[in-house]
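Notes follow once the structure below has been shown.
The values are calculated or read from the model by the stated rules, or taken from the named source; none is laboratory data. Predicted, not measured: the structure shown is a model, and the values here were computed from it. Reconstructed Cβ throughout: ideal geometry from the backbone, glycine too, with neighbour counts over all protein chains shown.
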Amino acid sequence: MAQTTDCNTPTSSRHGKPVSTQIELLKRLATQPKAIIGLVLLILFFLMAIFSPLLAPYDPHQYVGLANQAPSAEHWLGTTGQGQDVFSQLVYGARVSLFIGFTVGILSTLLGLIVGLISGYLPGLVDGVLNVFTNVFLLIPGLPLLITLASFLPQGMVTVILVLTFTGWAWPARTFRSQMLCLREKDFVSASVVSGEGMPRIVFSEILPNMLSLVMSSLFGAVIYAIGSDAGLAFLGFENVNVISWGTMLYWASNSSALLQEAWWTFLPPGLCIALVSFATTMLIYAMDELTNPRLRSEKEITRVLKKYHITSRRSTPVLNEPIE
């Protein structure tokens, strides 16, 4: 779900221009309704994970009542098929699910960034080898590879993080390579090469600052992939189901035939949390895309001008006298 950035108007890193550009981008991002919604939701989930010992009324592993009790004043979200408090498991499960999601997102984005930058900047043999290696991972079906690796490796959080990172770096690498191929032909990069600057300085000081919005969007997309894949592996039983997470909650709900018993409170809350986190990160991606994609910016400005002059007809293309910045 990574965005495509404007490769036609990069800025040189000299005199601090990219820094001021990125600061201005963050200020504009803070005013975007989609970004505000996404950030608020993510902050709420992080607060829930951090303060889960204070929010949870019971130990998530403790048997506190009868199985599949409906939500009540004593148990806000009812009990599981094993008699555990669902709300306590939900807030504690946020810790594991968010930790895995953002750790895998950072690692897979970082690995993809390294491969993509090297492949895009060094044409020839290096690019050919890395490109073939990336294509192999893109062609392998993701879910069967995840299940195969998770089946033969020891169960645990470290294994899950390594497996998801190993299977999730290829798409970011392909995106970053494409952007690198575009940026390396620009005049400011050529000027750096002529002035005798080395490859590390050119890549990290000249090119990378112009890709920060793309890196952030790729990171959020990788987080969505990681949280969903982690829940899928746990639901299928390929993780340690004794560790409380949103995925293992779904596993135990399925194992207890919650759907047949109409115990919706055992599987709906964790599923809703996964969906809301994915929704929040998607809103951030859309907000970033609207700020950095020139086509979307121009469409938004045209819509604003049309509303300003109360032009509602769609049968012809109106002529706008007001310049669009």
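For region 85-124, name all the residues that are under 22 Å from VAL160 (Cβ atoms) and polar (S, T, N, Q).
Hits for region 85-124 are GLN89, SER97, THR103, SER108, THR109.
Just to be sure I understand, how many residues within region 79-105 are over 18 Å from LEU250 (Cβ atoms) and buried (at least 21 other Cβ atoms within 10 Å of the Cβ)?
Of the residues in region 79-105, 2 are over 18 Å from LEU250 (Cβ atoms) and buried (at least 21 other Cβ atoms within 10 Å of the Cβ).
Counting only residues that are without any contact (Cβ under 8 Å) to a residue 12 or more places away in the chain and closer than 21 Å to ASP230 by Cα, which one in region 253-286 is farthest from the chain's Cα centre (by Cα)?
By that ranking, first place goes to LEU268.
Please go through region 140-187 and give me each residue that is touching a helix residue (DSSP H, G or I) at 6+ places or on another chain (Cβ under 9 Å) and of a type in the set (Phe, Trp, Tyr), ordered by number.
Answer for region 140-187, where residues must be touching a helix residue (DSSP H, G or I) at 6+ places or on another chain (Cβ under 9 Å) and of a type in the set (Phe, Trp, Tyr): PHE166, TRP169, TRP171, PHE176.
Are any of the residues in region 157-179 of a type in the set (D, E, K, R), assigned to a loop (DSSP other than H, G, I, E, B) and either free of Cβ contacts under 8 Å to residues at least 40 places away in the same chain or buried (at least 20 other Cβ atoms within 10 Å of the Cβ) (or both)?
Scanning region 157-179 turns up no residue that is of a type in the set (D, E, K, R), assigned to a loop (DSSP other than H, G, I, E, B) and either free of Cβ contacts under 8 Å to residues at least 40 places away in the same chain or buried (at least 20 other Cβ atoms within 10 Å of the Cβ) (or both).
What is the residue count in region 167-207 for residues that are within 18 Å of PHE137 (Cα to Cα) and of a type in the set (Ser, Thr, Tyr)?
Going through region 167-207 one residue at a time, the tally reaches 3.
Please determine, by comparing only the residues of region 240-263 that are in a loop (DSSP other than H, G, I, E, B) and of a type in the set (A, V, I, L, M, F, W, C), which one is farthest from MET48 (Cα to Cα).
So, considering only residues that are in a loop (DSSP other than H, G, I, E, B) and of a type in the set (A, V, I, L, M, F, W, C), the one farthest from MET48 (Cα to Cα) is LEU260.
How about region 208-245: which of its residues are farther than 20 Å from PRO141 by Cβ and more than 15 Å from the chain's Cα centre (by Cα)?
Within region 208-245, LEU208, PRO209, ASN210, MET211, ASN240, VAL241, ASN242, VAL243, ILE244, SER245 qualify.
Counting just the residues of region 42-78 that are closer than 19 Å to LEU259 by Cα and touching a residue at least 24 places away in the same chain (Cβ under 8 Å), which one comes out surrounded by the fewest Cβ atoms within 10 Å (Cβ to Cβ)?
Within region 42-78, the match that is surrounded by the fewest Cβ atoms within 10 Å (Cβ to Cβ) is ALA70.
For region 5-116, list the helices (runs of 4 or more DSSP H) that sit wholly inside it and hold at least 3 residues that are at pLDDT 90 or above and under 19 Å from the mean Cα position of the chain (by Cα); which are they?
So the answer is 33-50.
Could you run through region 122-175 and say how many residues are of a type in the set (A, V, I, L, M) and either under 20 Å from the mean Cα position of the chain (by Cα) or not assigned by TED's automatic domain parsing to the domain that holds ALA222 (or both)?
The qualifying residues number 12.
Out of SER119, SER108, which single residue is within 30 Å of SER190 (Cβ to Cβ), surrounded by 14 or more Cβ atoms within 10 Å (Cβ to Cβ) and assigned by TED's automatic domain parsing to the domain that holds SER257? Talk me through it step by step, then tell me what you get.
Details: SER108 fails: within 30 Å of SER190 (Cβ to Cβ).
Of the residues listed, the single one that is within 30 Å of SER190 (Cβ to Cβ), surrounded by 14 or more Cβ atoms within 10 Å (Cβ to Cβ) and assigned by TED's automatic domain parsing to the domain that holds SER257 is SER119.
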